[in-house]
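What follows is a set of notes on a single structure, which appears directly below.
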């Protein structure tokens, strides 16, 4: 084409770009390629045509998205799911998204949202344990997100009737770019009126930020005249005290009284759904520990005497245990390992229990556990469990089995059966 870009009209510039596409494929419309054509991009930009707008105007959005997903080194949706499946197999369950962020997989999380998906989509695709992209609350209702499920649990535990969000009135389309929208949740207030709830998120990591902000503003504008509308930030749905204050004008202050599981009273109601998943992960985690007991926070975070231990650091797991399960001490109660608590053992009690076990069984706790793992019928599951508890206590409080054996004069010999 002889005509210079500066003299082309908007449509002529778009036709030129279409010609590049037809001649060399979708890759020619990538930003670096457009920049190679001297003043082409400058003149496109002067007409208000950024690269994304060019793609959109030419009707090539889907093809360009597919092109970007399959670039070497890029995350595609298939690659994300495959990577998540590998992690799920390694960890026993698919960890929360925060675990991926804290364990060197941040780019995977960013790619999920960049490609227009959610973490619930990942769970649904991996599929082994969630069964769907919904999060189930304690009453069996299924929700689109964890914050919604947390609020449902809060209301259920207090006997407050609630239901999944219904569609906005048809008039909403007149105030919005969207043809329709849904509330997140509805609950019955103390004056017997249904309250319409929207749970607001944060900026979605750069993905569709402008679209999200516009959508929220449109919803807020539509609900200005709705006296029964309530907007809540998603993080407030996880905080028992904050949610109590927010909802008190509508339902009063009610202590939870409806518990379905033995562990429910030990966990904040807003944490139930998250805690169920995390507790399952912790049960798997403890099964990988040599002594069968859940370790201390210092062990998880490689601090104090455990600073130089082998293996990885579990900082994120420690944080989630504090957030959702009330800390290590409470987790041990949930795992029926309350006896491993720091309040139970010290050097003297651990050493005494070790000696007593040796006197009663004629072997050390470690030897008993070894026989149990070999399916020796002389060692019951109860004895093996107690041996594991003592081994853990000795390791933490008394310098380890070798030190205690020397202190007690125990000559460890190989047991043959």
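The values are calculated or read from the model by the stated rules, or taken from the named source; none is laboratory data. Keep in mind the model is a prediction, meaning the values are calculated, not measured. Neighbour counts run over all protein chains shown; Cβ positions are idealised from the backbone, glycine included.
Here are the numbers:
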quantity	calculated
From 183, 134, residue being at pLDDT below 85 and touching a strand residue (DSSP E or B) at 6+ places or on another chain (Cβ under 6 Å)	134
Condition check for residue 239: within 19 Å of residue 270 (Cβ to Cβ), outside the structural domain of residue 115 (by TED's automatic domain parsing) and exposed (fewer than 13 other Cβ atoms within 10 Å of the Cβ)	no
Residue tally, condition touching a helix residue (DSSP H, G or I) at 6+ places or on another chain (Cβ under 8 Å) and surrounded by 15 or more Cβ atoms within 10 Å (Cβ to Cβ), over the range 13-29	9
Residue within the range 315-331 that is farther than 30 Å from residue 147 by Cβ, modelled with pLDDT under 80 and in contact with a helix residue (DSSP H, G or I) (Cβ under 7 Å, 6 or more places away or on another chain) present	no
Index of the failed condition, residue 228 passing every other in (1) more than 29 Å from residue 330 (Cα to Cα); (2) loosely packed, with under 11 Cβ neighbours inside 10 Å	(2)
Tally, over the range 300-314, of residues that are within 22 Å of the chain's Cα centre (by Cα) and surrounded by 14 or more Cβ atoms within 10 Å (Cβ to Cβ)	4
In the range 172-187, the residues that are over 23 Å from the mean Cα position of the chain (by Cα) and touching a residue at least 40 places away in the same chain (Cβ under 8 Å)	172, 175, 176, 177, 178, 187
Residue in the range 194-214 that is modelled with the lowest pLDDT, counting only those that are in a loop (DSSP other than H, G, I, E, B) and surrounded by fewer than 12 Cβ atoms within 10 Å (Cβ to Cβ)	206
Unmet criterion (only one of (1) within 22 Å of residue 104 (Cβ to Cβ); (2) in contact (Cβ under 8 Å) with a residue 24 or more places away in the chain; (3) part of a loop (DSSP other than H, G, I, E, B)) for residue 293	(1)
Filter pass, residue 242 being touching a helix residue (DSSP H, G or I) at 6+ places or on another chain (Cβ under 6 Å), at pLDDT 85 or above and either closer than 26 Å to residue 181 by Cα or not in a loop (DSSP other than H, G, I, E, B) (or both)	yes
Filter pass, residue 371 being under 30 Å from residue 268 (Cα atoms), in contact (Cβ under 8 Å) with a residue 40 or more places away in the chain and within 39 Å of the chain's Cα centre (by Cα)	no
Members of the range 343-362 that are crowded, with 20+ Cβ neighbours inside 10 Å and outside any helix (DSSP H, G or I)	345
Top-ranked residue in the range 375-390 [being in contact (Cβ under 8 Å) with a residue 24 or more places away in the chain and farther than 18 Å from residue 350 by Cα; ranked as surrounded by the most Cβ atoms within 10 Å (Cβ to Cβ)]	376
The range 73-96, residues that are at pLDDT 75 or above and within 18 Å of residue 320 (Cα to Cα)	87, 88, 94, 95, 96
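For (1) assigned by TED's automatic domain parsing to the domain that holds residue 321; (2) touching a helix residue (DSSP H, G or I) at 6+ places or on another chain (Cβ under 8 Å); (3) modelled with pLDDT under 75, each residue gets a yes or a no:
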{"site": "269", "(1), (2), (3)": "yes, yes, no"}
{"site": "275", "(1), (2), (3)": "yes, yes, yes"}
{"site": "279", "(1), (2), (3)": "yes, yes, no"}
{"site": "284", "(1), (2), (3)": "yes, yes, no"}
{"site": "294", "(1), (2), (3)": "yes, yes, no"}
{"site": "297", "(1), (2), (3)": "yes, yes, no"}
{"site": "302", "(1), (2), (3)": "yes, no, no"}
{"site": "305", "(1), (2), (3)": "yes, yes, no"}
{"site": "308", "(1), (2), (3)": "yes, no, no"}
